[in-house]
Amino acid sequence: MSALVADTSILARRAIVRSARNPASIMSAVLFPLLFLGLFNLVMRRVMAAQGFDYAQLLPSTVVIQAMMFAGMSAAYYVADDRTTGMLSRLRSLPIHRASPLLARTFADAARSLLSIAVVVGVGVATGMRFTAGAAAAAGYVLVAVAFAVTMSLGMGLIGLVAPTRDSAASLASIPYLPLIMLSSGFAPVDDFPGWLQPFVEWQPVTSAIDALRALAGDGDISTTVTRTVMWSVVLVLVFTAMSVRLTDRAVSR
Amino acid sequence: MNEPDVAQNSAGGGVRVEALTKSFGEVHALAGVTFEARPGTVLGLLGPNGAGKTTTVEILATLVQPDSGTATIAGHSVVDEPDAVRERIALTGQFAAVDEVLTGRENLEMFARLRGLGRGEAAARADLLLDQFSLAEAGERRSGTYSGGMRRRLDIAASLVVPPAVLFLDEPTTGLDPRSRAEVWEAVRELRDGGLTVILTTQYLEEADQLADDIVVLNHGRIVASGTPAELKGQLGATSCAVTLVDAAQLPSVAERLQAFGETTVDAETGSVTVANAGADELVSIVTALGEAGVAVADVSLRQPTLDDVFFALTEDSSPIEATDTESVGAS
């Protein structure tokens, strides 16, 4: 157990240092979310207000979830990098805890997601977002967002285990990202989608997470949205972790 | 290097491989391989792409499970006691697996910490290794800025943060320029002299010749020859005499004339004729004969048989090297 903690913290520290020294990581963790927040507010705020959709209040939660997906996409890149440079093989030939590389990656992405949450929510509050459901709900807001980042990190990390190069891993990871974020409640209400798409939009995990965040900030029913999101996270984390273990064994044997 | 540790670790730090097989789907990467590396020696695994060298190393480094056969490191089975094996080995893979974003020092300290050294110990060890591998001045720079040879040296240094019983070097000089290659060779020689057991894979015959105490030649997952470099060269025997002409147009006639001294082969590219099984006496006769015939000679030399000769002689019955490319997916 102490080996797991020690090895994981050493590797998590490395992963965080790597991100911190990579300008692209900083951009995707901080700058892109802020640009999205600013530009969507600028372009869509009035249009959406006419529909009874308060962008200043609702958009930051969308952008937080979007930033969590960026964290997942960077996981795809870094996992592929470790695999293709032989770092993964080297780590697996060391007498370290078997779970530590994956766990370290997950911790680093959780840390990165905290930074994104702080920046987006900070700017969101400055531009009119309010947390009206109390301090516990606000803390829950952060936890749900981090849990979503961890889920994305594990899921998109799988792409990093199979993609031929780190750059193709980053590109491939953007394929699930776009439909999931666009076909969600994030930018437009579920009712505005074509009827045949609405069941998908309503039930998919990204909508679930965005709705949960909005509820925790004071807009919506906390217990149903958070329950659904936690269930999505538990199921996906279990599936993605099992697949990671399998694919990692295969990845180092090539 | 920390000499007492090495001596302690290398006692019984041998590698035994018996009847090892491994297939990836239809591809038989290893079809029954048996060899032994004695403690404190360098064993060269030599062969073309897809011969099974990397698969062998991956099995020995506990990354891949064999289909059948046994492999032990210092008496510990790689299948049944992977943790004991991992405590005793270090893997330097085909790519220099160091973190480009971290400095040389940070890389070494990280690997030292992962091997259980405390912060202070790890820093001291990093100092020592940076010094030993001539990286002291570059220690505070990110390894991404290093030359290929420097990165390889850092890579090898990272394998030595805790002196292993057995070090695996998988094609350590592939892609390096000649100068970097020489630097890496020097580092490997020092390790061997320090008592480490090294398993070295290479496609370069010269590299195996320079570094290995024993050589195992692999092709298509099978051992086609093994022995010391001298023994392998002995299989081909005598020296040959190579004559380079000033005027390449004379090659055919000269080749015919020199048939009297032994079997001749013409290399149009270098403009030379080689006489097989020719020693110093024949060389003198050849030069005399050419002088009498008025042939202008640019160079005359005696050639020792190289491992290349041995290698091509051993593998010429198999399908050409290019044909093994399909295999390299699984086996290389």
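No lab work stands behind these numbers, since they all come straight from the coordinates. These numbers were taken from a predicted model, which means no experiment stands behind them. Note that each Cβ is placed from the backbone with ideal geometry, even for glycine, and that neighbours are counted across all protein chains shown.
Odds and ends about this structure:
- Share of pairwise Cα-Cα distances greater than 37 Å in the protein assembly as shown is 48 percent (whole percent).
- Estimated vicinal HN-Hα couplings, Hz - the stretch A:183-195 in sequence order (Karplus 6.51, -1.76, 1.60; Gly, Pro = x): 8, 9, 7, x, 10, 9, x, 4, 5, 7, 7, x, x
- Placing +1 on each Lys and Arg Cβ and -1 on each Asp and Glu Cβ, with no other charges, gives the stretch B:126-257 a dipole about its Cα centre of roughly 240 debye.
- C-alpha center-to-center spacing [the stretch B:99-131, the stretch A:107-165] in angstrom: 32 Å
- For B:D67, nonlocal amide neighbours, meaning residues 5 or more places apart or on other chains whose placed amide H falls under 5 Å from its own, are B:T21, B:K22, B:S23.
- Computed 3J(HN,Hα) for the stretch B:207-222, one whole-Hz value per residue from the Karplus formula 6.51 cos²θ - 1.76 cosθ + 1.60 where θ = phi - 60°, is 5, 4, 4, 5, 10, 8, 7, 10, 10, 10, 9, 9, 8, 6, x, 10, glycine and proline marked x.
- Computed over every Cα-Cα pair of the stretch A:7-135 and binned at 10 Å starting from 0, the pair-distance distribution P(r) comes out as 12, 36, 25, 16, 8, 2, 0 percent.
- Of the trypsin sites (Lys or Arg not before Pro) in the stretch A:14-60, those whose Cβ has at most 16 other Cβ within 10 Å and which sit in DSSP loop: A:R21
- Our coupling estimate for the stretch B:285-292, obtained by passing each phi through the Karplus curve with A = 6.51, B = -1.76, C = 1.60 and θ = phi - 60°, is 4, 5, 4, 4, 4, 5, x, 5 Hz, Gly and Pro reported as x.
- Selection among A:S184, B:G93, A:A104 by position relative to the dipole of the protein assembly as shown gives A:S184 as farthest towards the positive end (Cβ unit charges, Cα centre).
- Angle between chain B longest axis and helix B:119-132 axis [Cα atoms, degrees, rounded to 10]: 10 degrees
- Of B:E100, B:E106, B:E137, the sequence from fewest to most neighbouring Cβ atoms within 10 angstrom is B:E137, B:E100, B:E106.
- In summary, the helical segments of chain A meeting the span-like criteria, namely a full DSSP H run, a Cα extent along the axis of 30 angstrom or more and a mean Kyte-Doolittle hydropathy of at least 0.0, are A:55-84, A:100-126, A:135-162, A:222-251.
- Amide hydrogen proximity for B:V224: with H placed 1.01 Å from N in the peptide plane, the residues at 5 or more positions away or on another chain lying under 5 Å are B:V217, B:L218, B:N219.
- Which of B:G234, B:A298, B:A248, positive extreme of dipole for chain B (C-beta unit charges): B:G234
- A crude spin-label estimate for the pair B:T306 and B:A124, with each label 7 Å from Cα along the Cβ direction, gives 4.7 nm.
- Residues listed by number, the stretch A:13-56, amide nitrogen under 18 Å from A:D191 label point at 7 Å toward C-beta: A:47-55
- Largest mean-square fluctuation among A:P101, A:P60, A:P33, in a Gaussian network model of chain A whose springs join Cα atoms under 10 Å apart, belongs to A:P101.
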